[in-house]
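FYI, it's all coordinate maths here, none of it is from the lab. On a predicted model such as this, the values are computed, not experimentally measured, just so you know. No Cβ is skipped: glycine too gets one built from the backbone with ideal geometry, and neighbour counts run over all protein chains shown.
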Amino acid sequence: MRRLLVLWDIDYTLVNAGGVGTELYTRVFTSLYGRPLPQPGSMAGRTDRAIAREVLALAGLDGRDGLDQELQLFQAALNDTAPAFAARARQVVTALPGAGAALEGLAALATGQGPVQSLLTGNIRPMAEIKLAAVGLTRHLDLEVGSYGDLHEIRAELVAPARDAAAAAYAEDFGGTATVLIGDTPLDVAAALATGARAVGVATGGFSTADLAAAGAHAVLPDLTDTAAVVSAIVG
């Protein structure tokens with residue numbers, strides 16, 4: 001069997017982060033600009049780069065030095081400040097039911113080489129690590145080959161960097177459906193479809209199984225509690 005690259009979303013797929021990401025945004029924004037954080041639209045499935053750009057535009061900061069330069073400043077501050085939220089994450093982040101067992105189940109596959117498990121997430125890497133470490137979900141994930149939310153505003157653009165990093169690290173080709181994206185939003189599904197990857201939707205966020213099926217997911221799960229069903233959906 002061809003080896004798989006399995007790329008997990010984090011928020012409402014593996015964990016409920018308890019708002020710790022919003023707390024980070026609020027602290028950084030108020031520290032930099034001395035005023036309340038503007039409220040962006042829905043964050044579901046969006047990358048931190050896209051959300052940060054919207055926040056800065058809503059605040060009218062695109063005229064100061066140009067929005068791209070301001071975005072770099074803001075993202076650097078997010079990355080620098082995130083480690084300070086590790087203790088807070090341990091208080092508020094919870095693993096979604098079945099998440100740990102799903103990661104274990106994939107890692108235990110004995111047919112050929114087990115899949116490479118990593119992340120394709122809208123989170124910046126420091127916050128991704130903090131959220132998952134808070135609930136002990138990093139063991140089976142190779143975070144070095146993951147793709148993170150400060151890389152691009154469009155989620156589909158995160159797929160190629162993850163594939164390239166995994167190919168370099170494991171000397172394998174993860175093109176096409178050898179890459180599997182797992183997430184809770186239509187944007188997760190769209191990213192997979194746009195890049196020829198396999199899409200597995202999990203209805204543990206704000207979208208139903210019907211929503212994810214309509215978006216074109218190859219497989220849809222109500223949650224991660226049935227480990228055998230999760231593994232079957234991922235390996236196809």
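Quick notes on this one:
- For the chain, DSSP calls about 10 percent of its internal beta bridges antiparallel.
- The ranking of 116, 231 by Cβ neighbour count inside 10 Å, starting from the fewest, reads 231, 116.
- In degrees, nearest ten, helix 67-81 long axis to first principal axis of the chain (Cα): 70 degrees
- Label reach from residue 168 (point 7 Å along Cα→C-beta): in segment 102-146, amide nitrogens under 16 Å belong to 143-146.
- Cα centroid separation, segment 114-140 to segment 1-55: 14 Å.
- Relative to the longest principal axis of the Cα atoms of the chain, helix 20-33 runs at roughly 30 degrees.
- Principal-axis tilt of helix 48-58 within the chain, Cα atoms, nearest 10 degrees: 30 degrees
- Fewest-first sequence of 3, 163, 35, 125 by Cβ atoms within 10 Å of each Cβ: 35, 3, 125, 163
- Order of 127, 43 under a 10 Å beta carbon neighbour criterion, fewest first: 43, 127
- Selected from 44, 34, 69, residue furthest toward positive end of dipole (segment 20-87; charges at beta carbon): 44
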